[in-house]
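Undergrad: Take this structure, written in structure tokens, and hold onto it; I'll ask about it next.
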């Protein structure tokens, strides 16, 4: 599932052979190392020998939350921001709190602390350049499975499940996700086909008095998986979300039939987004006046569990959407 | 202490214009400022016809374009004006006080103090909006300036050179502590990124009103100390001989400049370069006369802020660049061109 | 160069402190090792993870802190002496901001490798320094004009850097900022050997230029009267000063503030009239080493060393100023 990147044809040849081996699970080419059963998994840093049933897993960078979402219990991890952790279900928050924090962010990992935890598997998704810098050290500690930043979230979940021996839970989550998508498509066929949507966002880092059109994040799933009509940046261009628009531009949202905006678990606009809702310009928008501005809860867009929670929220607001005039 | 002494103004070889020319220049600067204020309301990220702008100001209705003028552009022009005046004057004060033509209000730790206080507010206390940051920034700026004043003072009075070094040290220590807080707290880092850039966009006028009395008091103080500062430019002993009370003048000047720089930072975040460049250029125009330098700085600094802000709105339409990023790009080439044209060797 | 007794004693005490901290840094870490294991690893008696931790992780880090710290101290001393300004360092002619811009472009826009990062930083810094020098050149370079042009160009680059960080993804922005304050995290022998060789050559050159440098402190005319070729010596000093910082920046990011504060502390400890190179080198090395030890072991979470050099160096210089002001009453 992991998209092949960078390594070119030579690696592709090796990998196509490895695919067969990987699919079979535990029949790795463990020559002589008979004490621990090993498997091979393929990742962006090659084909890696990992323990058949890893017990002490450390997660670095973007692998932490998806791994916990798969039911994994890392012993060490790099810190996630408080705001992300708060969005997790309670059992996952407990798992996060039980692990040792290796670094405040993924680029300053305390290698000796990591080594002293004696992990048997390390999972990492960080920028290529940063991984290049710490690759040798990680591998001196334990087998390391690395995914580049452009690995799509579904492929990442698959790769993590395989490396961490969590494939049962993975298949279950994937089926649940696909079921939800189909259900939404069937129930709201007409709305999906006839309504032009736009998703707007404001982050904590946005300049005061600005917002953005979100074409990355949760609504990307609504657009690409569910098939709803959300705006998309032209191929090759930067995502629309990278341009922060001044509040003046809120008036340009009037060309869309319906607007989705971020709310918290209780249905209130998220703290960064609240200033948008309070503007006179927002209140004057036709979509807002006709009840066609929908608050959707997005607990994360990089693991099946959080995406399923997003789809639930999306389905519940689509049910309240008034018919078009 | 000789190697520590910052280079002072040497005898300039440039002819300084007479009072009438200076007054004429002042009027021109005023006209430019007014024109820029008008443009600041006319030009924005969306195109709104001039007639609608007129209506928005004088025949208000609930039209969506009118909200844009009244809620965003007009407050922004006023914020730019207040911030610019405060930055320009505080820069003129610090340069006069330290007799260093390259001093910036930031050199006394104003920005470092404000940034540190805002980081504490954001990182540890969870404050998230401009109105909340404001008082932390203001208090941080004032406390740190007073600390630097205390550090740089002896029983004989304060020495500008020691004060500048003390300011750099305090600023560095607070900057380090701030970075440590930010790098260990991604949420705070994220929320601080935009504040750090310095912007006058999206500030409601409620942010300006509470700062205005402080700016007004500081304006008065600045012109009170202009005369004594002029005398001090020739050396402390000569100034004392003319009846100047050194300690009193320095304390008043520092109170004024920290109110101004602190107020501007509280509203807009750390906007650098304006306070350094504008008074410096003003001194080139009018010569070493503090009153005139102050007056020119008060008019030229908001012009630089407004020009930069207008440019920031149009260059990457429909997005915008915060004014704190643009000021240096507008100002620095002017400064470099000027320094290359000057015939003076000392200054 | 004739060293006075006080300078020699100060340097000896600094060297002793450096040695103590170096031993401490090798012995301690969050992976617990006995002193016996460390000694045995250093003498080649260990293999596997223990060898890796002591010889490949802790040792290059100590070496890097020493060499790079000394380089920064000397670099700052050269600039402060040349411009006769206590706030001068290579940042003044835009090198620091320029290298940061280069690095940011590599980290945020190109998403390049580590070698590209070092190259980007070098290129950015050098290009900026050359641009500043060229803008300031008008029938010779004169200190004041150099400072103004440096401030202007630096301000522009700083704005650009703020903008790049503002527009970047959170995680990349944090990585970029951590690089921007300088970090010895993950320093390997490769970087120490390459960077260290450059630094040693440059330190020798700086030593050769120290005589004209001291003469120029008395003024360009006085130096010329003593037979110093002022323009050539100044260009040489700029190049050496910038290249020293460049070598460090390429290897570990701009470890900020050491070059500004080390010469000032050294001058006050050794009580010399002007800026001296050797004590500045020792103070720089000690500052970096101590800061890195604190950054790794004392702070609740590991921090980039640059944050601690700023706090330690700024705090100590502030304290020195305070006592100095009291003493001179």
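Undergrad: Across 10 Å bins from 0, what is the distribution of all Cα-Cα pair distances for segment A:65-189, in whole percents?
TA: Values per bin, smallest distances first: 12, 38, 35, 11, 4, 1.
Undergrad: If you take the alpha carbon radius of gyration of segment B:37-195 and divide it by 2.2 N^0.38 Å, what ratio comes out, to two decimals?
TA: 1.34
Undergrad: Now a separate question. Would you compute, from DSSP H runs of 4+ residues alone, the mean residue ellipticity of the protein assembly as shown at 222 nm, taking -39500 (n - 2.57) per run and dividing by the full residue count, rounded to the nearest 500?
TA: -19500 deg cm²/dmol
Undergrad: Can I ask one more? Quick one: angle between helix B:74-98 and the longest Cα principal axis of chain B, in degrees between 0 and 90, rounded to 10, please.
TA: 10 degrees
Undergrad: Right, next: Which percent, nearest 5, of DSSP beta bridges in chain A are antiparallel?
TA: Taking every DSSP beta bridge within chain A, about 30 percent pair in antiparallel fashion.
Undergrad: Just check segment C:219-294 against the gyration tensor rule for me: Cα atoms, a ≥ b ≥ c as the square roots of the eigenvalues, rounded for a/c under 1.5, and otherwise prolate or oblate depending on whether a/b exceeds b/c.
TA: Since a/c reaches 1.5 but b/c is at least a/b, the shape of segment C:219-294 is classed as oblate.
Undergrad: How long are the three semi-axes of the equivalent ellipsoid of chain B, in whole Å, if each is the root of 5 times an eigenvalue of the C-alpha gyration tensor, listed from largest down?
TA: 34, 26, 17
Undergrad: Calculate the mean, over all residues of peptide B:163-172, of how many other protein chain Cβ atoms lie within 10 angstrom of the residue's Cβ.
TA: For peptide B:163-172, the averaged partner shielding equals 6.
Undergrad: Further question: For segment C:65-204, what number results from the quotient of the Cα radius of gyration and 2.2 N^0.38 Å?
TA: Output field value: 1.10.
Undergrad: Report the equivalent ellipsoid semi-axes for segment A:252-324 in whole Å, largest first, defined as the square roots of five times the eigenvalues of the gyration tensor built from alpha carbon atoms.
TA: 22, 15, 10
Undergrad: In bins 10 Å wide, starting from 0, what share of all Cα pairs of segment C:5-57 does each bin hold, as a percent?
TA: The calculated distribution, bin by bin, is 24, 40, 19, 14, 3.
Undergrad: Something else: Report, largest value first, the span of the C-alpha coordinates of the protein assembly as shown along each principal axis, in whole Å.
TA: 91, 86, 46
Undergrad: Once the Cα atoms of helix B:212-232 and of chain B are each reduced to a long axis, what angle between those two axes, in degrees from 0 to 90 to the nearest 10, is obtained?
TA: Tilt relative to chain B: about 30 degrees.
Undergrad: Now a separate question. In whole percent, what relative contact order does chain C give with Cα contacts below 8 Å and a gap of six or more residues?
TA: 29 percent
Undergrad: When a footprinting reagent is the concern and you count Cβ atoms within 10 Å, what order do C:6, A:137 take, fewest first?
TA: If I rank by nearby Cβ atoms, fewest first, I get C:6, A:137.
Undergrad: To the nearest 10 degrees, how steeply does helix B:186-197 sit against the main Cα axis of chain B, on a 0 to 90 scale?
TA: 70 degrees
Undergrad: A follow-up question, please. Which whole number of Å³ per residue matches the convex hull of the alpha-carbon atoms in segment C:177-329?
TA: 125 Å³
Undergrad: Here's another thing I want to ask about it. Quick one: the Cα spread of segment B:161-253 along its three principal axes, in angstroms, biggest first?
TA: 57, 34, 16
Undergrad: Hey, in the GNM for chain A with a 10 angstrom Cα cutoff, which one of A:105, A:306, A:81 fluctuates hardest?
TA: A:81
Undergrad: Could you identify which residue out of B:121, B:218, B:332 has the top mean-square fluctuation in a GNM of chain B using Cα springs shorter than 10 Å?
TA: Result for chain B, Cα springs under 10 Å: B:332 fluctuates most.
Undergrad: Also: When N is the residue count of chain A, what does its C-alpha Rg come to as a fraction of 2.2 N^0.38 Å?
TA: 1.10
Undergrad: Can you tell me the FRET efficiency between residue B:34 and residue A:233 if r is taken as the Cβ-Cβ distance and R0 is 51 Å, rounded to the nearest 0.05?
TA: Here the calculated transfer efficiency is 0.80.
Undergrad: Mind giving me the FRET efficiency for residue B:314 and residue A:252? R0 is 25 Å, r the Cβ-Cβ distance, nearest 0.05 is fine.
TA: Step by step, r from the Cβ atoms, then E = 0.95.
Undergrad: With r defined as the distance between the Cβ atoms of residue C:9 and residue C:142 and R0 fixed at 45 Å, what FRET efficiency is calculated, to the nearest 0.05?
TA: Result of the calculation: an efficiency of 0.70.
Undergrad: Could you please rank A:131, C:322, B:116, placing first whichever residue has the fewest other Cβ atoms within 10 Å of its Cβ?
TA: C:322, A:131, B:116
Undergrad: Right, another one. For chain C, modelled as a Gaussian network with Cα springs under 10 Å, which listed residue fluctuates most, C:225, C:25, C:63?
TA: Top of the fluctuation ranking is C:225.
Undergrad: Bin width 5 Å, origin at 0, all Cα-Cα pairs of segment A:178-318: what percent of pairs per bin?
TA: For segment A:178-318, the pair-distance distribution reads 2, 10, 20, 25, 22, 14, 6, 1, 0.
Undergrad: Considering Cα pairs under 8 angstrom that are at least six residues apart, work out the relative contact order of chain B and quote it in whole percent.
TA: Relative contact order for chain B comes out at 30 percent.
Undergrad: Give me C:57, C:189 ranked fewest to most by other Cβ atoms within 10 Å of their Cβ, as a rough exposure proxy.
TA: C:189, C:57
Undergrad: Hey, how much of the P(r) for segment C:5-327 falls beyond 30 Å, as a percent of Cα pairs?
TA: Value for segment C:5-327: 34 percent of Cα pairs lie more than 30 Å apart.
Each reported figure results from applying straightforward, stated rules to the coordinates on display, with no laboratory input. Please read these numbers as outputs of a predicted model, since none were measured by experiment. Note: ideal-geometry Cβ built from the backbone for every residue, glycine included; neighbour counts use all protein chains shown.
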